[in-house]
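Engineer: Pasting a structure here, questions to come.
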Amino acid sequence: MEIKMEKKRTRRMKMVMLCYVLAALCLVYCVGVVATKAAGTKFYLIWLAGAALFGMFGFFVQKGIWMRLPIGLRAGIGMLAGVGIACLCGLLILIGSAFFVKGEQQLSYIIVLGAQMKQSGPSVVLEKRLCRAYTYLTENPETLCVLSGGQGSNEPVSEAQGMYDALVKKGIDPKRLILEDQSTNTVENLRFSRKLIPQEVQKVGIVTSNFHVYRSLRLAKQQGFLDPVGISANSGVYFLPNNVLRECFGIVKDRLYGNLKFF
């Protein structure tokens, strides 16, 4: 009996330690994102919520509060957590399926999806998309490029204009660049860009961050592109957890709104 009780205490303490470690990691990551001042949204606060959730659960387990809850409630919470983890894993697989796509050469048009413009210039995410677009346009001198993105309330210029200025500065011929500066989200990026590209052109490259390629391609099919091709841009390592988690929420939102189909 004592051995069995000791094993239970050991398992409980391992669970407590795991919860506290996860809480600490979430908190440190959240502070790190804030410290860089590179985040374009306040989504990073979800890591603060995660820290609170893991910390609270660890405290409940440590103090025995968890085991005093009704078994039905514990089972329900466990089931919800399991379903949530399963859904998250499924979304990560979908995102990963398009993470490293390189696109095709000699496309007639590519679309570069915008991201935040700062007072100092393109954000880290946008700069990496521009680097990928520059490489593609250099390798394919006949390709035309639609730069898509409007101006947010915290942006000095439209994302399209910012991308245009950056690519021209890099040496890309302005005649190859088409500005779409009215969109406010990815759905509008693709919908408005579709109007700027001849209808007979169906195979179009979409340049965006690696974590964003899957959703962009699915949205493109719903916005009139029969054969969109992903061109993945590196997004860096540090912000990847935050960006990927936010993208999971974005996929769910667009699916609920009917903007995309999973397959």
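The values are calculated or read from the model by the stated rules, or taken from the named source; none is laboratory data. A quick note: this is a predicted structure, and the numbers were derived from the prediction, not measured. When we count neighbours, we look across all protein chains shown, and the Cβ atoms used for this are built from the backbone with ideal geometry, even at glycine. The area values use the complete protein model at the heavy-atom level, side chains included, leaving out ligands, DNA and RNA. Shrake-Rupley method; radii C 1.70, N 1.55, O 1.52, S 1.80 Å.
Engineer: When the residues of segment 208-263 are narrowed to those that are open to solvent by 10 Å² or more (accessible area, probe 1.4 Å), more than 21 Å from Tyr109 (Cβ to Cβ) and among the β-branched types (Val, Ile, Thr), which ends up nearest to the chain's Cα centre (by Cα)?
Structural biologist: Val244
Engineer: Take segment 28-55 and flag every residue that is open to solvent by 40 Å² or more (accessible area, probe 1.4 Å) and more than 18 Å from Tyr238 (Cα to Cα).
Structural biologist: Ala49, Ala52, Leu53, Phe54
Engineer: In the set Phe211, Phe192, which member is of a type outside the set (A, V, I, L, M), part of a helix (DSSP H, G or I), under 24 Å from Thr36 (Cα atoms) and touching a Ser or Thr at 6+ places or on another chain (Cβ under 7 Å)? Walk me through how you get there before you give the answer.
Structural biologist: On the way: Phe192 fails: under 24 Å from Thr36 (Cα atoms).
Every option except Phe211 fails the conditions.
Engineer: Tell me, which residue of segment 97-121 that is open to solvent by 40 Å² or more (accessible area, probe 1.4 Å) and either within 20 Å of Thr41 (Cα to Cα) or part of a helix (DSSP H, G or I) (or both) is modelled with the highest pLDDT?
Structural biologist: Selected residue: Ser97.
Engineer: Right, something else. List pairs: first residue in segment 194-207 and free of Cβ contacts under 8 Å to residues at least 40 places away in the same chain, second residue assigned to a loop (DSSP other than H, G, I, E, B) and surrounded by 13 or more Cβ atoms within 10 Å (Cβ to Cβ) anywhere in the structure, Cβ distance under 8 angstrom, at least six positions apart or on different chains.
Structural biologist: That search, which allows pairs on different chains as well, returns Arg194/Gln223; Arg194/Gly224; Arg194/Phe225; Gln202/Phe225.
Engineer: Which ones in segment 14-62 are among the β-branched types (Val, Ile, Thr) and closer than 13 Å to Pro241 by Cβ?
Structural biologist: Val28, Val33, Ile46
Engineer: What are the residue pairs meeting all of these: first residue in segment 132-151, first residue on the phi > 0 side of the Ramachandran plot, second residue assigned to a loop (DSSP other than H, G, I, E, B) and small (Gly, Ala, Ser), Cβ atoms under 7 Å, and 6 or more apart or on different chains?
Structural biologist: Gly149/Gly114; Gly149/Ser158; Gly149/Ser183
Engineer: Any chance segment 221-236 includes a residue that's out of contact with any His (no Cβ under 7 Å at 6 or more places or on another chain), assigned to a helix (DSSP H, G or I) and aromatic (Phe, Trp, Tyr)?
Structural biologist: Within segment 221-236, not a single residue is out of contact with any His (no Cβ under 7 Å at 6 or more places or on another chain), assigned to a helix (DSSP H, G or I) and aromatic (Phe, Trp, Tyr).
Engineer: Return the total of residues in segment 219-233 being touching a residue at least 40 places away in the same chain (Cβ under 8 Å) and touching a Leu at 6+ places or on another chain (Cβ under 9 Å). Even if it seems obvious, please write down each step before you answer.
Structural biologist: Our first condition is that a residue be touching a residue at least 40 places away in the same chain (Cβ under 8 Å); within segment 219-233, this holds for 219, 221, 229-233.
Right, trim to touching a Leu at 6+ places or on another chain (Cβ under 9 Å) and you get 219, 221, 229-231, 233.
Count: 6.
Engineer: For Ala81, are the conditions met, namely being of a type in the set (A, V, I, L, M) and in a helix (DSSP H, G or I)?
Structural biologist: In short, yes.
Engineer: Open to solvent by less than 40 Å² (accessible area, probe 1.4 Å), farther than 30 Å from Asn154 by Cβ and of a type outside the set (Val, Ile, Thr), is that true of Gly58?
Structural biologist: In short, yes.
Engineer: Among Leu22, Leu48, Leu18, which is the only one that is part of a helix (DSSP H, G or I) and within 30 Å of Lys118 (Cα to Cα)?
Structural biologist: Working: Leu22 fails: within 30 Å of Lys118 (Cα to Cα); Leu18 fails: within 30 Å of Lys118 (Cα to Cα).
Testing whether each residue is part of a helix (DSSP H, G or I) and within 30 Å of Lys118 (Cα to Cα) leaves just Leu48.
Engineer: Next question. Which pairs do you get when a residue that is in contact (Cβ under 8 Å) with a residue 24 or more places away in the chain, found in segment 72-91, comes within reach of a residue that is open to solvent by less than 50 Å² (accessible area, probe 1.4 Å), reach meaning Cβ atoms under 7 angstrom, with the pair 6+ apart or on two chains?
Structural biologist: From segment 72-91, the pairs are Leu88/Cys248; Leu91/Cys248; Leu91/Ile251.
Engineer: Filter segment 140-162 down to the residues that are surrounded by 24 or more Cβ atoms within 10 Å (Cβ to Cβ) and part of a loop (DSSP other than H, G, I, E, B) and list them by number.
Structural biologist: Gly149
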